[in-house]
Amino acid sequence: VGAAERDAFVATILRAGDAIFERSGGFADALAGAAGDSGPMVQIAGVLLDARLEAVRATNDAPQAGRGLELVEVLLKKRPNDGALLGAAATFAEAADQNERAAEFLRALVGGLPPRTEPWFAAKVQQLRVLTKLSPERARTVLAQYRTLYPDLGPEPHRSRIKEIERELGGDPKGGAR
């Protein structure tokens, strides 16, 4: 499947999924009666969420991100500690220029993941990137703590991303943050 064909599939899923939820009274109403992860509306929500994530990652479209954030927040009420949902929420919030909310979702995600795992490093890098947008001073503090706890900065590609964030913040490339 080529990129154009895949984009067309994603667009079709978005239109169909949104139409299904609109006819059902919106995300909250449609998912209110769903128990667990087995109901058809929950399954449709999952497919719609994946498609919207793909679209937002490709285009950084703020209205699409806002719509995705609306859906993921309803799903988070059912599964508040779900790492995939917290990650999606952070992606949507950041794309919708709601960086404070993105930071909150990432704080919850990082706090719930086992340290020094691949998902933890990925979430930590995303958290530092968002903090850099919000408050460079706060990001420097978190980066200094990170450097103290993880002097090797973690595995690649995360190590390189941490160093890049550090350079953006004016950190010393040979040592820690200034």
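The values are calculated or read from the model by the stated rules, or taken from the named source; none is laboratory data. Keep in mind that this is a model prediction, so the values were computed, not measured. Please note: Cβ atoms are built from the backbone with ideal geometry, for glycine as well, and neighbour counts cover all protein chains shown. The area values use the complete protein model at the heavy-atom level, side chains included, leaving out ligands, DNA and RNA. Shrake-Rupley method; radii C 1.70, N 1.55, O 1.52, S 1.80 Å.
Key figures for this structure:
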read-out: Check: the range 3-120 dipole with +1 on Lys, Arg Cβ and -1 on Asp, Glu Cβ, in debye; value: 240 debye
read-out: Three semi-axes of the equivalent ellipsoid, the range 1-125, Cα gyration tensor, whole Å, largest first; value: 23, 19, 13
read-out: Accessible surface of the range 36-174, 1.4 Å probe, proportion on carbon and sulfur as whole %; value: 54 percent
read-out: Within a Gaussian network of the chain (alpha carbon springs, distance under 10 Å), most fluctuating of Glu22, Glu73, Glu94; value: Glu22
read-out: Most mobile of Leu85, Leu71, Leu153 in a GNM of the chain (Cα contacts under 10 Å); value: Leu153
read-out: Gyration tensor verdict on the range 66-121 (Cα atoms; rounded if a/c is under 1.5, prolate if a/b is larger than b/c, oblate otherwise); value: oblate
read-out: Cα centroid separation - the range 115-139 against the range 1-71, whole Å; value: 27 Å
read-out: For the range 33-98: rounded, prolate or oblate by the Cα gyration tensor [a/c cutoff 1.5]; value: prolate
read-out: Accessible area expressed per residue, the range 1-146, with surrounding protein chains retained (probe 1.4 Å, Å²); value: 50 Å²
read-out: The range 108-157: mean projected area of Cα convex hull, nm²; value: 3.4 nm²
